[in-house]
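Contents: one structure, followed by commentary.
The values are calculated or read from the model by the stated rules, or taken from the named source; none is laboratory data. Note that the coordinates shown come from a computational prediction; the quantities given were computed from them, not determined experimentally. Every residue, glycine among them, receives a Cβ derived from its backbone with ideal geometry; neighbour counts consider all protein chains shown. For accessibility, only protein heavy atoms count, side chains too; no ligands or nucleic acids. Shrake-Rupley method; radii C 1.70, N 1.55, O 1.52, S 1.80 Å.
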Amino acid sequence: MAYKVGERVWLAGRSSFPGDRRAFHRQALELGSMGLDQLTVALRGDRAPLAARGETRLGPRR
C-alpha cells in the first residue's frame, strides 16, 4: 500500500511538471531521500509550507 501512495505522488508531480520527463526525473532524483509530504511540496516547487515549519531546505541533510 505504501508503494502505491508513493507512486501516486511521483506520477502527480510528473504530470504537472512543465518540462520533459527526463528533466523531471533528473530534478526529482537530485532531491534525495525525503518524506512524501516534503516530496509533494518539492515537486510543486512551493517551499512556503516548509519555511513555516522552520525547515529551510529540501532534500537530505549532508
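Below is a table of values for the structure above.
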{"quantity": "Every residue from region 3-37 that is among the small types (Gly, Ala, Ser) and either in contact (Cβ under 8 Å) with a residue 60 or more places away in the chain or in contact with a helix residue (DSSP H, G or I) (Cβ under 9 Å, 6 or more places away or on another chain) (or both)", "calculated": "Gly6, Ala12, Gly13, Ser16, Gly19, Ala28"}
{"quantity": "Helices (runs of 4 or more DSSP H) fully within the chain counting 3 or more residues that are modelled with pLDDT under 55 and over 9 Å from the mean Cα position of the chain (by Cα)", "calculated": "48-52"}
{"quantity": "Those residues of region 11-40 which are among the small types (Gly, Ala, Ser) and open to solvent by less than 70 Å² (accessible area, probe 1.4 Å), in sequence order", "calculated": "Ala12, Gly13, Gly19, Ala23, Ala28, Gly32, Gly35"}
